[in-house]
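The block underneath contains the structure these notes are about, expressed in structure tokens.
Each reported figure results from applying straightforward, stated rules to the coordinates on display, with no laboratory input. What you see is a predicted model; the values in this text were computed from it and never measured. Reconstructed Cβ throughout: ideal geometry from the backbone, glycine too, with neighbour counts over all protein chains shown.
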Amino acid sequence: MRPASAETTAYRGRFAPSPSGDLHFGSVVAALGSFLQARAQGGEWLLRIENIDPPREVPGAAASILHQLERLGLCWDGEVVYQRDREEAHRAAFAELKNAGLLYRCRCSRRVAGPGRYPGTCAQAQLGKEVSGADRLRVDNRPIVFTDALRGAVSENLAERCGDFVIWRAENWPAYHLAVVVDDAAAGITEIVRGGDLLDVTTRQIYLQQCLGLPSPAYCHLPLALDLDGAKLSKQTQAAPVSGLAAERVLSAALRFLGHPPPDSLLGATPEALLAWAVAHWRLALIPPDDRCPAPADLA
Ligand SMILES: [Zn+2]
């Protein structure tokens, strides 16, 4: 594991939810997995609210997420970071990429560009900044390689996989990848433990770290929690919020999902007791090898 800087060699993890709805089982799994991986190593666990996408933000969701984490006993270190307060750092990184000649203006709408590989339509057009649109980062035609703690070796060629990708949005705010990479580096995060749905974008984030001269943290992608229809639990699929359920029940279910079923002696134990047991027994090798697993029916 590469330390974030010479003076910080200790483990530092984080949970970084977006305030687009209440905490659901899938986000509890990500929060718990990253919390246990940090605490089992005597490390810090930070919390960042990723509120850079105003249209997707649900009023009250950020406060609700903090409240649910506290109720589950998932206590974070230091101050909560709100990503929107980090605009200056995001703009500085954007300027650095721009000055390095790595960006170009793209006026393709999302509909035209589509969800697949961007074919580079605007790459040679040299559109000026007076043209409204997003800014894309030129990718290299070479493999980006990393080793995920659970998924093993990953190698992707971004030119083939996704093409040049957006790092500054037409609405004039940073794209998710830029904000995540800049904020994780600033916080000195040494390992990112998160849901398996983000495994897909990790090479883009590593490439961005390389372009910005930032260290790459270690990565660990947890199994993705699926609903009864086999779709990813998400706010979009109206996953059940965990707010109405007893904290012990939610934690026990998430521990079972992560291959750490609490012993019978902990039946009815407090969240603090469950977490203390889990920290003492946490081993990545116990996590199911599947990249996606069904959530318990009553939590899906
Ligand atoms: Zn374009």
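A few points about this structure:
- When only the Cβ of Lys, Arg, Asp and Glu is charged (+1, +1, -1, -1), the dipole of segment 12-299 relative to its Cα centre reaches about 760 debye.
- Point-charge dipole on Cβ atoms (K/R +1, D/E -1) for segment 81-146, about Cα centre, debye to 20: 300
- The helix-based estimate of mean residue ellipticity at 222 nm for the chain, built from -39,500 (n - 2.57) per DSSP H run of four or more residues and divided by its residue count, is -9000 deg cm²/dmol to the nearest 500.
- Exposed loop positions in the chain were taken to be GluC sites (Glu not before Pro) whose DSSP state is not H, G, I, E or B and which have at most 12 other beta-carbon atoms within 10 angstrom. Between these positions, the longest stretch is 172-300.
- Computed 3J(HN,Hα) for segment 171-186, one whole-Hz value per residue from the Karplus formula 6.51 cos²θ - 1.76 cosθ + 1.60 where θ = phi - 60°, is 6, 6, 9, x, 6, 3, 4, 5, 4, 4, 5, 5, 6, 5, 5, 5, glycine and proline marked x.
- Taking amide hydrogens as placed 1.01 Å from N in the peptide plane, the amide H of TRP168 sits under 5 Å from those of ASP135, ALA175, each at least 5 positions away in sequence or on another chain.
- Two-decimal ratio, segment 159-281, of alpha-carbon radius of gyration to 2.2 N^0.38 Å: 1.34
- Rounded to whole numbers, the Karplus 3J(HN,Hα) couplings from phi for segment 47-54 are 10, 10, 8, 8, 9, 8, 10, x Hz, using 6.51 cos²θ - 1.76 cosθ + 1.60 with θ = phi - 60°, and x at Gly and Pro.
- Listed as lacking a disulfide-compatible partner in the chain: CYS75, CYS108, CYS162, CYS211, CYS220, CYS293, by the criterion of no other cysteine Cβ under 4.7 Å.
- Computed 3J(HN,Hα) for segment 90-104, one whole-Hz value per residue from the Karplus formula 6.51 cos²θ - 1.76 cosθ + 1.60 where θ = phi - 60°, is 5, 5, 5, 5, 4, 5, 4, 5, 4, 5, 7, x, 8, 10, 8, glycine and proline marked x.
- Globularity ratio of segment 12-299, using Cα Rg and 2.2 N^0.38 Å: 1.04
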